[in-house]
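*Asks:* First the structure, which I've put down as C-alpha cells, then a few questions once you've had a look.
The values are calculated or read from the model by the stated rules, or taken from the named source; none is laboratory data. This structure is a prediction, so every number in the text was calculated from the model and none was measured. Every residue, glycine among them, receives a Cβ derived from its backbone with ideal geometry; neighbour counts consider all protein chains shown. Side chains included, ligands, DNA and RNA excluded: accessible areas come from the protein's heavy atoms. Shrake-Rupley method; radii C 1.70, N 1.55, O 1.52, S 1.80 Å.
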Amino acid sequence: MDDALVIAGKRIRSRLFVGTGKYRTVEEMQSALEASGAEIVTVAIRRLNLDKPNEKTLLDYINWDKYTLLPNTAGCRTAQEALFTARLARELTGSTWVKLEVIPDPKYLLPDPIATLEAAQALVKEGFTVLPYIHADPVLARRLQEVGCATVMPLGSPIGSGQGILTAEEIKIILEHATVPVVVDAGLGAPSDAALAMEMGADAVLVNTAIAKAGDPAMMAEAFRLGVEAGRKAYLSGRIPRKAYAEASSPVEGVARPTRTS
C-alpha cells in the first residue's frame, strides 16, 4: 500500500520530521539524522552565524541531496521578525518552504496565535509553503487552513519539556476537521509519545530535543522512527474500541464443564 504523506504536492515517505538544534556535536547530529530515516529536516535560520560567510554553518554539515530542508523562524517574537526571517531563508537556501514560529515569551515558549495568523497570511500571499507551529487550538487551526497553510503543527506540550501529549483532546478536534496534514510538534519525550500521536491519526510528528539530548541520539532517533511506524500501522489497521467491562478472548458458549456427582 502506498502510504506516502503529501504536503503541498510533495510526496514524503517518512512521517518523522527532525530538528537539528541542541546536539552536542555535529557528528551526533549526522548519525541521528541517518538513524531517524527522516526526509524533512528543520534548521533555525536565525541561529546560524551568517555574519562570517567564510565559516561553515550547520547547513554545510547536512547532505541536502538526501534531506529536504525546512527552514524555521525560531527565535522570532513578532510577525514582522518572522516575515524577515522567512524571506532571508528563501534567499539563503532557495526554499519557499518555511516552518512558521512566532514565540514572544522566552519562559514558556508558547506561540502567539494572532501574530502567527498574521504572518501566515502574508507568507502565503508571497508564495511560501507555510507550516505553522501553533498551540493545539482547533479554531486557529481552521483559520490557518483557510488562509492556505500547507499543514498545521499543534504542540503536544511546551517545547523541549518532554511532557508528552497533554493536548490530546484538542488535537483530536483538529484532526477531525483537518483539510491539510496535521503534524504534532513539541513536547514529545519518548517514542511512545510519537506512537500515540500517530495512533490518534496525526499525519506526522516533529522531534528535536528528545533525540538531540538523549544519551545516545542515534539510538533514540531509531526508536522514534520505529514508534512512528508502529503508531501509523496501528491507526491504519484500526484498534479495538475501549469497553467498560472485560470480554473473554475465548468463546464461553458450548464449553465443556465438569458434571456434579453426589
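*Asks:* For segment 1-100, just say rounded, prolate or oblate: build the C-alpha gyration tensor, square-root its eigenvalues into a ≥ b ≥ c, call rounded for a/c under 1.5, and beyond that prolate if a/b exceeds b/c, oblate if not.
*Replies:* oblate
*Asks:* Just want the answer: with Cβ charges of +1 for Lys and Arg and -1 for Asp and Glu, which residue in Ser249, Ser36, Leu144 is farthest toward the dipole's positive end in the chain?
*Replies:* Ser249
*Asks:* Can you send over the solvent-accessible area of Ser250, 1.4 Å probe, protein chains only, in Å² to the nearest 10?
*Replies:* 80 Å²
*Asks:* Where the accessible area of segment 187-232 is counted over protein heavy atoms with a 1.4 Å probe, how much of it, in %, is carbon and sulfur?
*Replies:* 56 percent
*Asks:* Right, another one. Helix 191-200 versus the longest principal axis of the chain: what angle, 0 to 90°, nearest 10, using Cα atoms?
*Replies:* 80 degrees
*Asks:* Give the residue list of trypsin sites (Lys or Arg not before Pro) in segment 99-147 that are DSSP loop and have at most 12 other beta-carbon atoms within 10 angstrom.
*Replies:* Listed in order of number, the matching sites are Lys107.
*Asks:* Also, I was wondering about something else. Can you tell me the dipole magnitude for segment 116-261 around its Cα centre, using point charges on the Cβ only (Lys, Arg +1; Asp, Glu -1), in Debye to the nearest 20?
*Replies:* For segment 116-261, the charge dipole is close to 580 debye.
*Asks:* Next question. Give me the net charge for the shell around Ala195: Cβ to Cβ below 13 angstrom, other residues only, Lys and Arg +1, Asp and Glu -1.
*Replies:* +2
*Asks:* Applying 1/(1 + (r/R0)^6) with R0 = 22 Å to the Cβ-Cβ distance of Met219 and Arg24, what FRET efficiency is obtained, to the nearest 0.05?
*Replies:* My answer for the efficiency is 0.95.
*Asks:* Tell me, what % of the accessible area of segment 119-160 is carbon and sulfur with a 1.4 angstrom probe?
*Replies:* That share works out to 50 percent.
*Asks:* What are the lysines whose alpha-carbon lies under 28 Å from the alpha-carbon of Lys213, with same-chain residues fewer than 8 places away excluded?
*Replies:* Lys22, Lys52, Lys56, Lys66, Lys99, Lys107, Lys233
*Asks:* Next question, about the same structure. Per-residue counts of other Cβ atoms within 10 Å, averaged by peptide: what ranking do you get for 162-169, 204-211, 177-184, highest first?
*Replies:* Highest-to-lowest ranking by the protection proxy: 204-211, 177-184, 162-169.
*Asks:* Separate question: State, as an integer percentage, the relative contact order of the chain based on alpha-carbon contacts under 8 Å between residues 6 or more apart.
*Replies:* Result for the chain is 19 percent.
*Asks:* Express the relative contact order of segment 158-212 as a whole percentage, based on alpha carbon pairs under 8 Å and six or more residues apart in sequence.
*Replies:* Computed over segment 158-212, the figure is 43 percent.
*Asks:* So for the chain, taking the charge dipole from beta-carbon charges (+1 Lys/Arg, -1 Asp/Glu), which of Leu5, Ser237, Tyr23 sits furthest toward the positive end?
*Replies:* Ser237
*Asks:* Can you give the accessible area per residue of the chain, in Å², using a 1.4 Å probe?
*Replies:* 53 Å²
*Asks:* Do any trypsin sites (Lys or Arg not before Pro) in segment 174-243 lie in a DSSP loop with no more than 12 other beta carbon atoms within 10 Å, and if so, which?
*Replies:* In loop regions of segment 174-243 (DSSP not H, G, I, E or B), the sparsely surrounded trypsin sites (Lys or Arg not before Pro) are Arg239, Arg242, Lys243.
*Asks:* Separate question: For the chain, with the dipole built from +1 on Lys and Arg beta-carbon atoms and -1 on Asp and Glu ones, taken about the Cα centre, which of Pro217, Leu175, Tyr61 lies farthest toward the positive end?
*Replies:* Comparing the listed Cα positions along the dipole, Leu175 ranks first.
*Asks:* Compute, for Phe84, the solvent-accessible surface of its heavy atoms (probe 1.4 Å) with the complete set of protein chains present, and express it in square angstrom to the nearest 10.
*Replies:* Counting only protein heavy atoms, Phe84 exposes about 130 Å² to solvent.
*Asks:* In nanometres, what is the gap between the two model label sites at Arg77 and Arg242, each 7 Å from Cα along Cα-to-Cβ?
*Replies:* 4.1 nm
*Asks:* At a 10 angstrom cut-off on C-beta neighbours, averaged per residue, how do the peptides 68-75, 26-33 rank from highest to lowest?
*Replies:* 68-75, 26-33
*Asks:* While we're looking at this one, here's another question. To the nearest 10 degrees, how steep is helix 26-36 against the longest Cα principal axis of the chain, on a 0 to 90 scale?
*Replies:* Approximately 40 degrees, to the nearest ten.
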